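Presented below is the structure to which this report refers.
The values are calculated or read from the model by the stated rules, or taken from the named source; none is laboratory data. Model, not experiment: these values are computed from the prediction. Heads up, the Cβs are rebuilt from the backbone with ideal geometry, glycines too, and the neighbour counts pull from every protein chain shown.
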Amino acid sequence: MKTRVKSLICGLLVTVIFIPLTSFKEVYAMEQTSDREQITDVVNGVAMSADHRDWATCRSHFIDEPYIDYSSLSGQPGGKVKTADLIKGWSAFLPKFKFTQHFISNHNVKIMGSTAICRSYVHAIHNLPYAEGGELWGVYGIYDHELIKLSSGWKVSKMTFHLLHQEGNKDIPALVAKIPNQQKVTFVSEGDKLTGILFAPANYKEGGKIPAIIVTGSWITVKEQMAGTYAKKLAGEGFATLVFDFRGYGESGGEPRQYESPQRKIQDIKNAVTFLQTLPMIDPNRIGGLGVCASSGYMALAAAEDKRIKVFAAIAPWLHDADIVKLIYGGEKGVDEKIAAGKAARGKYEQTKVNDLVPACSVTDNNAAMFGPFEYYLNPTRGAIPEWKNQFAVMSWPEWLQFDPIKEAVKISVPTLLVHSESAAIPDGAKRFYDKLVSPKDFYWMKGTQFDFYDNPSTVNEASKKAAQWFKEYLMQERIK
């Protein structure tokens, strides 16, 4: 018994002595491996959180005042910067791109106690829609990240970028610097709260007063579609611009929803003018209106009725009268059927508050407001964005089909520009409208389909440049009183 106990004790002693010696090497190796993984996670995390616009996470990867050096790309010397200021700069710059992707690889990590250096390869892609010269800018280079180990983990203390090569549109950084600032705004129209976006030129200085342009899009659309595209372009030309969701659409209030009412939308435009005149940055005597597609007719009547709108421009204008309506909607019989269906839907809504809806666009449902392969409204990379609902209130038909902006053209007294194409929607309507104008006017013809005017970069750039010239001629001059 004594011998057995002695053997067990010896065995335990051997075990106690032997295991720690072996585990020390293993633990040290594990610690080194763990540190390397943490370091690469931090380096990757800086890029990924920036691409995802997760600024809280991005900030957590740095010490309070790191050294940042992009001199090989920008030509500006590196230096220490407060992390809060670094993130503020990135969060103002990167979201102006549609997307960025930073591919970080081939990490070479050297650990020296509580400090480390990580050298990595990087390929960064930046996409800026509608940028003249191309939408993509790419850079290749090497990152050197120096890190220190704190109680909260590894943090970047120095970050240096070494440029190797650029490709694509090298003017994009300068173009981004001119992208307007934006803020969400709300105002009231006939008791309902409307939500919009106000764009201001990047170089706007507080205290100044600048001209403004209200931009509206096609029927059944929301502010994030073509209206927002043109508003950004014009704000880049020195104007304050406002886009908003009409009553019953997008983020705005108002019932019934998805109701295409020209008169209601015209009133919303007038109330948008009132809102702009309350803003300190806006010159209340220099406000213009730009309508795209169907809202060209709404903006035309708003300009005819509201003398606070000093200049008007229409891009790819959908301008119809009774004759054009019959050609498009199945002749007199087809028009009468739609009007009857709309009146029935209106009566039902007034009695039950049930709003009969059909697809705004479809290739399978012939009851849709737009029946056919209209890819802009069916493609999620184009117009079928989450903010837009593919719905149309049937009660819209009577007011829409009986709306005639062409006959109202003679009432417009402000300078008017039309930008259109023979390949776009109903150019004959635009011609009839133009012929009736008695105000200073111009017609600019270019190439492109109707949907090219919505999101084709070359078409949008050309059309917006022409509109900007028109607004500059009349809103940037002292002649407007």
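Only residues that are in contact (Cβ under 8 Å) with a residue 60 or more places away in the chain and loosely packed, with under 15 Cβ neighbours inside 10 Å: list them for the stretch 110-131, please. Across the stretch 110-131, the qualifying residue is only Pro129. Identification of strands (runs of 3 or more DSSP E) wholly contained in the stretch 164-272 with 2 or more residues that are under 14 Å from the mean Cα position of the chain (by Cα) and at pLDDT below 95 yields 181-189. Listed conditions (1) under 29 Å from Ile309 (Cα atoms); (2) of a type in the set (Ser, Thr, Tyr); (3) not in a loop (DSSP other than H, G, I, E, B) are all met by Tyr349, apart from (1). Of all residues in the stretch 71-83, those that are under 17 Å from His61 (Cβ atoms) and either part of a helix (DSSP H, G or I) or among the hydrophobic types (A, V, I, L, M, F, W, C) (or both) total 2. One residue stands out among those in the stretch 334-368 that are crowded, with 18+ Cβ neighbours inside 10 Å and hydroxyl-bearing (Ser, Thr, Tyr): the one that is nearest to Tyr259 (Cα to Cα), which is Tyr349.
The rows are residues; the columns are (1) out of contact with any strand residue (DSSP E or B) (no Cβ under 9 Å at 6 or more places or on another chain); (2) of a type outside the set (S, T, N, Q).
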{"residue": "Lys333", "(1), (2)": "yes, yes"}
{"residue": "Gln351", "(1), (2)": "yes, no"}
{"residue": "Thr381", "(1), (2)": "yes, no"}
{"residue": "Asn390", "(1), (2)": "no, no"}
{"residue": "Trp397", "(1), (2)": "yes, yes"}
{"residue": "Asp404", "(1), (2)": "yes, yes"}
{"residue": "Ser413", "(1), (2)": "yes, no"}
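Selection of the stretch 363-383 for residues being within 20 Å of Phe246 (Cα to Cα) and in contact with a helix residue (DSSP H, G or I) (Cβ under 6 Å, 6 or more places away or on another chain) yields only Gly383. The condition of being touching an Asp or Glu at 6+ places or on another chain (Cβ under 9 Å), aromatic (Phe, Trp, Tyr), buried (at least 18 other Cβ atoms within 10 Å of the Cβ) and touching a residue at least 24 places away in the same chain (Cβ under 8 Å) holds for Phe161. Taken over the stretch 248-272, the criterion of being acidic (Asp, Glu) and in contact with a strand residue (DSSP E or B) (Cβ under 6 Å, 6 or more places away or on another chain) is satisfied by Glu251, Asp268.
Out of the stretch 182-202, which residues are loosely packed, with under 11 Cβ neighbours inside 10 Å and over 19 Å from Tyr230 (Cβ atoms)? Gly191 - this is the single residue of the stretch 182-202 that is loosely packed, with under 11 Cβ neighbours inside 10 Å and over 19 Å from Tyr230 (Cβ atoms).
Phe275 falls short on exactly one of the conditions (1) touching a strand residue (DSSP E or B) at 6+ places or on another chain (Cβ under 7 Å); (2) modelled with pLDDT under 95; (3) not charged (D, E, K, R), and that condition is (2).
Looking across the stretch 391-426, just one residue is assigned to a loop (DSSP other than H, G, I, E, B), charged (D, E, K, R) and over 31 Å from the mean Cα position of the chain (by Cα), and that is Asp404. If I filter the stretch 464-474 for residues that are more than 21 Å from Ile214 (Cα to Cα) and either at pLDDT 95 or above or buried (at least 22 other Cβ atoms within 10 Å of the Cβ) (or both), do I get at least one hit? No - not one qualifying residue is present in the stretch 464-474.
For the stretch 84-101, the count of residues that are within 32 Å of the chain's Cα centre (by Cα), in a loop (DSSP other than H, G, I, E, B), at pLDDT 95 or above and among the charged types (D, E, K, R) is zero. Contact annotation: no residue pair with Cβ atoms under 7 Å, 6 or more positions apart or on different chains, pairs a residue in the stretch 76-103 that is free of Cβ contacts under 8 Å to residues at least 24 places away in the same chain and surrounded by 12 or more Cβ atoms within 10 Å (Cβ to Cβ) with a partner that is among the small types (Gly, Ala, Ser) and part of a helix (DSSP H, G or I). Checked against the criterion of being buried (at least 18 other Cβ atoms within 10 Å of the Cβ) and without any contact (Cβ under 8 Å) to a residue 40 or more places away in the chain, the candidates Ile282, Ile266, Ile287 yield just one match: Ile266.
Of Val222, Val215, all but one fail to be touching a residue at least 12 places away in the same chain (Cβ under 8 Å), touching a helix residue (DSSP H, G or I) at 6+ places or on another chain (Cβ under 7 Å) and buried (at least 20 other Cβ atoms within 10 Å of the Cβ); the exception is Val215.
When the stretch 357-402 is limited to residues that are in contact (Cβ under 8 Å) with a residue 60 or more places away in the chain and hydroxyl-bearing (Ser, Thr, Tyr), the one that is nearest to Ile266 (Cα to Cα) turns out to be Ser396.
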